[in-house]
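K.L.:
Supplied in structure tokens, the structure appears directly below.
The values are calculated or read from the model by the stated rules, or taken from the named source; none is laboratory data. Keep in mind that what you see is a predicted model, and the values were worked out from it rather than measured. Reconstructed Cβ throughout: ideal geometry from the backbone, glycine too, with neighbour counts over all protein chains shown. We work out accessible area using only protein heavy atoms, side chains counted, and drop any ligands, DNA or RNA first. Shrake-Rupley method; radii C 1.70, N 1.55, O 1.52, S 1.80 Å.
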Amino acid sequence: MSAEFPVVRLPGVYRPQGDTRLLARALRGAGLPRGGHALDLFTGSGALALAAARAGAARVTAVDISRTAALSAWLTCRLGGVPAEVRRGDFADVLAGRTFDLVLANPPYVPAPPGLRPHAAWDAGPDGREVLDRLCAVLPGLLRPRGVALIVHSALACGESTVTALRTMGLKAAVVDRDSIPFGPVLRGRQDWLRRTGLLEPGRDTEDLVVIRGDRVRP
């Protein structure tokens, strides 16, 4: 992983892992034109900001609500030779009125039991869609004409709901890549709760990840 994503990751910042690799793979296979302005939402360590630059983006903006993550991404991009603009704050606030040719997003998507103190990097409410639904609502406004969005999340948070939400907002949307990975520590620790709620089938110990692509085909 370190060879693929040579990142600076300060304590508490999300580590590039299976979902990061899958989104980077989908980006490489997307056939996007070079030279545009890319946005890396929920940037964490900045790994996908680097991937966007390597894929041909002429400008990169990275956003995270965590101050430590924003600093990690800034350091990662500087050490990687990418003069990215790094912003800290809630994506719906700090990006108001701005548009991009490419939006990459690896948002928090792990379903979390009620009453749990959420971890900002991965927990997203009882159905895993607390952040995803907000993202889908504002995403069309972040895309320029012919702009493309690539979102990765667990199938536990219902990829079909993301596709439907993006189509409702006027984007052309579909699942374009997927992978299955072993449970990490977070899901292992709450698999009994996930089974009781019906989000996880009995006996399953792998997590399906999906990448949803949304294209702005209307002016």
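K.L.:
If each DSSP helix of 4+ residues adds -39,500 (n - 2.57) and the sum is divided by the residues in the chain, what number results at 222 nm, nearest 500 deg cm²/dmol?
P.N.:
Value at 222 nm, helices only, nearest 500: -9500 deg cm²/dmol.
K.L.:
Scaled to the compact-protein estimate 2.2 N^0.38 Å, what is the alpha-carbon radius of gyration of region 88-175, rounded to two decimal places?
P.N.:
So the Cα radius of gyration is 1.09 times the expected 2.2 N^0.38 Å.
K.L.:
Tell me, what is the FRET efficiency for residue 186 and residue 54 to the nearest 0.05, using R0 = 30 angstrom and their Cβ-Cβ distance as r?
P.N.:
So, using R0 = 30 Å, E works out to roughly 0.55.
K.L.:
For residue 39, enumerate residues with amide H under 5 Å from its amide H, sequence gap 5+ or separate chain, H modeled in the peptide plane.
P.N.:
For residue 39, whose amide H was placed from the backbone, the distant partners under 5 Å are 61, 102, 103, 104.
K.L.:
Rolling a 1.4 angstrom probe over the protein heavy atoms, how many square angstrom per residue are accessible across the chain?
P.N.:
47
K.L.:
When the chain is modelled as a GNM with alpha-carbon springs shorter than 10 Å, which of 93, 64, 40 fluctuates the most?
P.N.:
Of 93, 64, 40, the Gaussian network model singles out 93 as fluctuating most.
K.L.:
Now, a different point. Between residue 167 and residue 78, what length comes free when the chain is fully extended (0.36 nm per residue of separation minus the Cα-Cα distance, one decimal in nm)?
P.N.:
Length difference between fully extended and current span is 28.4 nm.
K.L.:
Relative to the compact-globule scaling 2.2 N^0.38 Å, provide the ratio for the alpha-carbon radius of gyration of the chain.
P.N.:
Rg over 2.2 N^0.38 Å, computed on Cα atoms: 0.96.
K.L.:
Still on this model: Taking a label point 7 Å from the Cα of residue 175 along the Cα→Cβ vector, which residues of region 191-219 have an amide N closer than 16 Å to it?
P.N.:
199-201, 206-214
K.L.:
Give me the percent of the accessible area of region 133-219 that comes from carbon and sulfur atoms, probe 1.4 Å, all protein chains in place.
P.N.:
Whole-percent figure for carbon plus sulfur exposure: 51.
K.L.:
Additional query: Based on the mean of other beta carbon atoms within 10 Å per residue, what is the order of 52-61, 108-117, most packed first?
P.N.:
52-61, 108-117
K.L.:
On to the next question. At 0.36 nm per residue, and after removing the present C-alpha to C-alpha distance, how many nm does the segment from residue 117 to residue 218 gain when stretched out fully?
P.N.:
Between residue 117 and residue 218, full extension yields 32.3 nm more.
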